[in-house]
Amino acid sequence: MRLLFLGAPGSGKGTQADIFKEKMKLVKLSTGDLLRSEIQKDSPLGKEAKGYMNQGKLVPDEIMIGILENIIAEFEKNGTGYILDGFPRTLPQAEALEKMLNRLHAPLDAALLIDVPEEELLHRLTSRWTCRNCSATPSFPGGKPDNAVCPVCGSHDLYQRDDDKRETILKRFDVYHENTRPLIDYYEKNGLLARISGEGDIDDISRQIEAVIKSL
Ligand SMILES: [Zn+2]
């Protein structure tokens, strides 16, 4: 099983990827982790990647694809299934990934999009507050009441981090849409896209994903 999960920040994509990784004995391939491990191993690709990072540059897609190819080729030998997490993020990356998987004769089985309306996402993401006393991050989905206290330590000193503020989140959405809309179209056109309604609770969403996977 070769899966890709797509979804906006706050869509619950990471949670679902973790659930299905356990359920189906898949490996979650996070490009950030892979990159770190290549650099630690001091492999040729790791060295190259490090060179870019030391100059404050983004690691080029070809290097990421090279790292993924080594690992996926190994997986294909042992029949290990995987979930791609955090890659591809852009259309050129998706195209490069498809080429690479075709070289391995191991195309993706599905790209699962956890689809949540933007208003709902905004609501979820802006409901998070941070406790100045103990750093807990309680959520107030109905809006924070004036007399709200930290559920962990009881402090009244709750504030909203910049990352959890509406303006910051709207900016993240812009970036997400700019990069991900073309990806969604791409996977729709090649017939791999499965839309999952991400509005229900975690179990609802898992059930929908399970149905899609069974139908593959
Ligand atoms: Zn606290």
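The values are calculated or read from the model by the stated rules, or taken from the named source; none is laboratory data. Keep in mind the model is a prediction, meaning the values are calculated, not measured. For neighbour counting, all protein chains shown are included, and Cβ atoms are generated from backbone atoms with ideal geometry for every residue, glycine included. To get the accessible areas, we keep the full protein, side chains included, count just its heavy atoms, and leave off ligands, DNA and RNA. Shrake-Rupley method; radii C 1.70, N 1.55, O 1.52, S 1.80 Å.
What the table shows:
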| item | result |
| --- | --- |
| Positions within segment 41-95 being among the charged types (D, E, K, R) and within 26 Å of Ile213 (Cα to Cα), in sequence order | Glu69, Glu74, Glu76, Lys77, Asp85, Arg89, Glu95 |
| Residue in segment 81-91 that is of a type outside the set (A, V, I, L, M) and in contact with a Pro (Cβ under 9 Å, 6 or more places away or on another chain) present | yes |
| Meets criteria (surrounded by 15 or more Cβ atoms within 10 Å (Cβ to Cβ), of a type in the set (Lys, Arg) and over 17 Å from Leu4 (Cβ atoms)) for Arg161 | no |
| Any chance Ile196 is in a helix (DSSP H, G or I), among the hydrophobic types (A, V, I, L, M, F, W, C) and surrounded by 15 or more Cβ atoms within 10 Å (Cβ to Cβ) | no |
| Lone qualifier among Thr168, Thr126, Thr137, Thr130 - being more than 30 Å from Lys23 (Cα to Cα), in contact with a Phe, Trp or Tyr (Cβ under 8 Å, 6 or more places away or on another chain) and of a type outside the set (Phe, Trp, Tyr) | Thr130 |
| Scan of segment 127-143 for residues that are open to solvent by less than 60 Å² (accessible area, probe 1.4 Å) and modelled with pLDDT of 90 or more, ordered by number | Ser127, Trp129, Thr130, Cys131, Cys134, Ala136, Pro138, Phe140 |
| Search result, residues across segment 130-153 that are within 11 Å of the ligand (Cβ to nearest atom) and among the hydroxyl-bearing types (Ser, Thr, Tyr) | Thr130, Ser135, Thr137 |
| Candidates Arg124, Arg89, filtered to the one that is more than 16 Å from the ligand (Cβ to nearest atom), in contact (Cβ under 8 Å) with a residue 60 or more places away in the chain and in a loop (DSSP other than H, G, I, E, B) | Arg89 |
| Unmet requirement for Leu97, which otherwise passes all of (1) without any contact (Cβ under 8 Å) to a residue 24 or more places away in the chain; (2) surrounded by 13 or more Cβ atoms within 10 Å (Cβ to Cβ); (3) not in a loop (DSSP other than H, G, I, E, B) | (1) |
| Filter result for the condition that a residue is crowded, with 20+ Cβ neighbours inside 10 Å and of a type in the set (A, V, I, L, M), over Ile71, Ile63, Ile67 | Ile67 |
| Failed condition for Arg124, given (1) modelled with pLDDT under 90; (2) open to solvent by less than 60 Å² (accessible area, probe 1.4 Å) | (2) |
